[in-house]
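One structure below.
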Amino acid sequence: MNDNLHQLRCIGCGARLTGAEVQPDFRCAQCGELFEVEYPGWSQRQGPDRPNAGALKWLWRERRASSETLDHSGVWRFRELLPILESFGNAVTLFEGNTPLYHLPRAAKALGIDQLFAKHQGMNPTGSFKDTGMTAAMSVAKERGFEWVACASTGNTSAAMAAYAARAGLRCLVLIPDGKIAWGKLSQAMDYGALTCQLKADFDGCLTLLTQIVREAPIYLLNSVNPYRLEGQKTPAFEIAEAFDWSVPDHLIVPGGNLGNSSALGKGFRELHELGLVARMPKISVIQAAGANPLVRSFLNNQATSLEPVEAHTRATAIRIGNPASWRKAARVIQDTGGWCLDVTEAEIAIAKAEIGAEGLGCEPASAVTLAGLKKLRAEGKIASNETVVLLLTGHTLKDADYTIDFHRGTLLNADETVGREAEIARLQRNAQLVEATPAAVLAALKGSVG
Ligand code: F0G
């Protein structure tokens, strides 16, 4: 680990440590808060470690055409901005990142905005944004000689961790809430060879338990409390800025669960700004499910100075989290950038998900909170028609096929949840039809759907 280049700073009391000194649960021994990675060399304006903005933009673009393994990764392509390894030769990569930025023409038209885009992190190797963080933190685990890694998860972290652990040749332990994760994600952990324990606990309970376990056994914790995860997860900010030729969008809208991702993206844009690679930051807004909205409540009740955990309920199981670890970091990102924090209902999530599907993209339910949140922000006049908006889609549509099928069959939502929205939902539903195996019957079905 190259401790000359980076150090860990506690976001609570400001204590600074080298990477090797931090406790296994990544909490500060003085105040209990989380750490973030900082690069002291960057603050010296003409210092030898300070990256040169113009040269970097050129270098990163050139790497897209390079045949070097590391340059194929959308994370390590930007390695000058995450110098966390002693040797980049230790990087464990599945060629993550470099995900597409799609225009959303139908949603844009419906909302009266021209410039609406989706950065689809579901197009990563294991189908979620977690891969960009996992390549970074797994590389640190490998470099530091750990044999075991572990995470608590609502499914995507475990899928990503299991894949990267397999590539690194490490063993991995997964703790998941029994019965409350999507099957696609569980199947991935099995396929990639994880030791998976389903616990009679929710995500928050799994994470608390794991925190105790890593204090007793030499297991490297790979949840997003691990600050190296966020170093990888900040790189989509670089890709977005690059895609807009280094003039950033006005708004970035991100789903909020454990709140690591919004924290990471905020850090990414903040660093680009501090290093002079972009002239400003986008407003970053975080959207939660109404049944799992502790940060929204915290903003409403006390301007996010403290957070009261909630018992979380939502069908968007990825963000079924009541006691988010990184809430302080995320609150700071929202406040510093002038974004908002709001929640959306189960029906709003389901409708938005179907609309993203109808754009030919699709995403998992947790990702769809972004479009549902955008609709609210537009309705409240917080986003103008000439502003550029990027939605961060976090997971692939195939992650939770049961949810999609239930929506189209009409068995997902109950009557209370759909009241007043029946017609809107019916317009989006595309249930499969049982049709006789004759041309006439299929043509009749076709005629029926056109009419
Ligand atoms: N979207 C998806 C698809 C997720 O899997 C998660 C989190 C989030 C959004 C929220 O991101 O936690 O950084 O605020 N999934 C974690 C997991 C908790 O275990 O896979 P966050």
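May I ask for the net charge around LYS283, where only other residues with Cβ less than 11 Å from the Cβ of LYS283 are counted and Lys, Arg are +1 while Asp, Glu are -1?
The answer is -1.
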Handout entry: ASN386 paired with PHE88, simple spin-label distance in nm, labels 7 Å along Cα-to-beta-carbon
Key = 4.1
Exercise for the section: Pull the list of the chain cysteines that no other Cys approaches to under 4.7 Å, Cβ to Cβ. Expected result: CYS151, CYS172, CYS197, CYS206, CYS341, CYS363
Problem - Dipole magnitude (debye, nearest 20) for segment 166-245, charges at Cβ of Lys, Arg, Asp, Glu - result: 340
Exercise for the section: Give the shape of segment 370-428 as rounded, prolate or oblate, defined through the alpha-carbon gyration tensor: a ≥ b ≥ c are the square roots of its eigenvalues, a/c under 1.5 means rounded, and otherwise the shape is prolate if a/b is larger than b/c and oblate if not. Expected result: oblate
Practice task
Take the cross-link list LYS234/LYS329; LYS109/LYS180; LYS57/LYS267; LYS130/LYS180; LYS119/LYS185 and give me the ones stretching past 25 Å between alpha-carbons.
Solution key: LYS109/LYS180
Problem - Shape call, the chain: gyration tensor on alpha carbons, a/c limit 1.5 - result: prolate
Problem - ILE181, ILE425, ILE349 arranged by Cβ crowding within 10 Å, fewest neighbours leading - result: ILE425, ILE181, ILE349
Practice task
Can you bin segment 315-394 into rounded, prolate or oblate? Criterion: square roots of the alpha carbon gyration tensor eigenvalues sorted a ≥ b ≥ c, rounded for a/c under 1.5, prolate for a/b above b/c, oblate for the rest.
Solution key: oblate
Fill in the blank from the handout: Bounding extents of segment 31-123 in its principal axis frame from Cα atoms, largest first in Å, are 49, 43, 31
Fill in the blank from the handout: Two pseudo-spin positions, 7 Å from Cα along C-beta at ALA440 and at LEU199, lie apart in nanometres by 6.2
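What full-extension length gain, to one decimal in nm, is calculated for ASP250 and LEU209 as 0.36 nm per residue of separation minus the Cα-Cα distance?
Gain on extension, ASP250 to LEU209, equals 10.8 nm.
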Exercise for the section: Find how many whole Å separate the alpha carbon centroid of segment 271-318 from the alpha carbon centroid of segment 78-128. Expected result: 20
Practice task
Take the alpha carbon atoms of segment 416-433, find their center, do the same for segment 178-238, and report the distance between the two centers in whole angstrom.
Solution key: 35
Practice task
Please report, largest first and rounded to whole Å, the three semi-axes of the ellipsoid equivalent to segment 127-259, where each semi-axis is the square root of five times an eigenvalue of the C-alpha gyration tensor.
Solution key: 26, 17, 14
Handout entry: Mean Cβ count within 10 Å, highest first, over the residues of peptides 146-155, 224-233
Key = 224-233, 146-155
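Just so you know, all these numbers are worked out from the coordinates, no wet-lab data involved. Since the model is a prediction, treat every value here as computed from it, not as a measurement. Cβ sites come from the backbone with ideal geometry, for glycine too, and all protein chains shown count toward neighbours.
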